[in-house]
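Throughout, read-outs are computed from the coordinates displayed, never taken from laboratory work. These numbers were taken from a predicted model, which means no experiment stands behind them. Here the Cβ is made from the backbone with ideal geometry for all residues, glycine too, and neighbour counts use every protein chain on show.
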Amino acid sequence: MSFKFVKEVISPEDLVKAYPMPAKEALKKKERDQEIKDVITGKSNKFLVIIGPCSADNEDAVCDYICRLAKVQEKVEDKLILIPRIYTNKPRTTGEGYKGIVHQPDPEKEPDLHEGLITMRKMHLRAIMETGLTAADEMLYPENWPYVEDILSYVAVGARSVEDQQHRLTISGMDVPAGMKNPTSGDLSVMLNSVVAAQKSHTFLYRSWEVETSGNPLAHTILRGAVNKHGQSIPNYHYEDLIRLVQMYQERDLQNPATIIDANHANSNKQYKEQIRIVKEVLHSRKLCSEIAQLVKGVMIESYIEGGCQKVHERIYGKSITDPCLGWEDSEKLIYTIADQIK
């Protein structure tokens with residue numbers, strides 16, 4: 001038999017019951033959700049900054065980082081909405097390497113999916129209770145959504161998942177903004193098709209149930225750069241790329257046209273300090289063209305306490321064990337730079 005059934009993991013219902021969202025934090029999430037929604041729909045001129053570690057590998061370091069972020073949020077709240085990245089699942093191109101805290105609550109120990117699900121929810125709850133900031137996570141596994149649906153304020157679908165039907169249909173049942181990244185090929189039509197699908201209603205199988213969804217009008221695009229057949233990175237954050245996306249949106253009957261620019265990944269060729277320059281260029285493009293300003297609702301930045309990345313066994317506090325991230329000092333400065341550019 002190809003599958004070895006190791007153990008049955010905790011159900012979403014039992015996990016939510018064991019670790020419920022406190023009433024105070026639930027109210028805060030409702031307020032934050034509306035603020036973020038208003039940006040996506042164009043009712044608010046605030047700018048989204050989705051920022052945080054490539055992968056949430058250590059609860060103490062992640063919550064330390066978000067506490068710092070919360071202090072900055074207070075200073076820029078009239079212009080920016082900071083959404084911390086608490087990415088608990090990590091896609092791996094070859095299937096090798098650290099797959100996120102859901103797989104390995106301790107990166108140096110063997111996988112434990114049962115404990116991983118518990119660790120995921122506890123970390124998200126702790127971050128909200130300590131900072132009041134509700135977070136973003138990547139939906140790598142659609143069936144995991146019920147474990148965190150009352151917690152997350154933003155969901156991203158990655159470049160390798162965006163063509164998958166189950167991801168698209170699951171997004172159609174969410175009521176929070178969901179960013180659909182362009183695939184690694186860079187085909188923007190694929191990305192926009194995923195938004196079309198996510199905004200429509202569907203009937204499909206989900207967690208052993210036949211379900212119906214109403215469609216998610218907050219589904220939108222994320223530009224993260226592409227990779228050509230030679231493995232070279234091709235950025236897609238430049239002015240002409242944004243104009244092209246404006247035109248492609250105009251050709252489709254979509255609700256709430258919006259895009260987020262991912263400043264890392266193939267846009268930076270994983271040269272993490274390039275994120276600073278890239279964000280500044282995107283802000284400049286918004287100044288030059290009102291249509292770009294209306295479409296580009298925010299940026300996504302990979303950032304942690306320490307800059308760069310490390311091997312798992314090095315154990316440097318607050319330093320990424322996956323993709324390299326911008327350090328805290330540069331990140332804080334960049335957030336203030338963004339705020340200065342937003343009217």
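Observations on the model:
- Neighbourhood charge, 14 Å Cβ-Cβ cut-off, centred on Leu295 and excluding it, Lys, Arg +1 and Asp, Glu -1: +1
- Set against the 2.2 N^0.38 Å expectation for a compact globular protein, region 94-197 has a Cα radius of gyration ratio of 1.15.
- Sequence-ordered 3J(HN,Hα) estimates for region 247-256 from the Karplus curve with 6.51, -1.76 and 1.60 and θ = phi - 60° stand at 5, 5, 5, 5, 7, 10, 8, 10, 7, 6 Hz, glycine and proline given as x.
- Karplus-derived 3J(HN,Hα) values for region 218-225, using 6.51 cos²θ - 1.76 cosθ + 1.60 with θ = phi - 60°, are 9, 5, 8, 9, 10, 8, 10, x Hz; glycine and proline are entered as x.
- Charge sum, other residues only, whose C-beta stays under 15 Å from Gly132's C-beta, Lys/Arg counted +1 and Asp/Glu -1: +2
- Hydrodynamic radius of the chain per Kirkwood, over alpha carbon pairs, in Å: 20.1 Å
- The 3J(HN,Hα) values that the Karplus relation (6.51, -1.76, 1.60; θ = phi - 60°) gives for region 51-64 are, in residue order, 9, x, x, 4, 9, 7, 9, 8, 4, 4, 5, 5, 5, 4 Hz. Gly and Pro appear as x.
- With the charge dipole of region 48-102 set up from +1 on Lys and Arg Cβ and -1 on Asp and Glu Cβ about the Cα centre, the Cα lying farthest toward the positive end among the listed residues Ala61, Ile101, Ile51 is that of Ile51.
- Stretched out straight at 0.36 nm per residue, the stretch from Leu205 to His313 would grow longer than its current Cα-Cα span by 34.8 nm.
- Once the convex hull of all Cα atoms in region 240-335 is built, its volume per residue stands at 107 Å³.
- Centre separation in Å (Cα based) which lies between region 173-208 and region 127-141: 21 Å
- CD proxy at 222 nm, helix term only [per DSSP H run n ≥ 4: -39500 (n - 2.57); per residue of the chain; nearest 500]: -12000 deg cm²/dmol
- Rg to Rh, two decimals, where region 1-136 supplies the alpha carbon set and Rh follows Kirkwood: 1.03
- Across the cross-link table entries Lys99/Lys319; Lys43/Lys333; Lys17/Lys90; Lys29/Lys71; Lys37/Lys75; Lys71/Lys343, which are compared at the Cα atoms, the separations over 24 Å belong to Lys43/Lys333; Lys17/Lys90.
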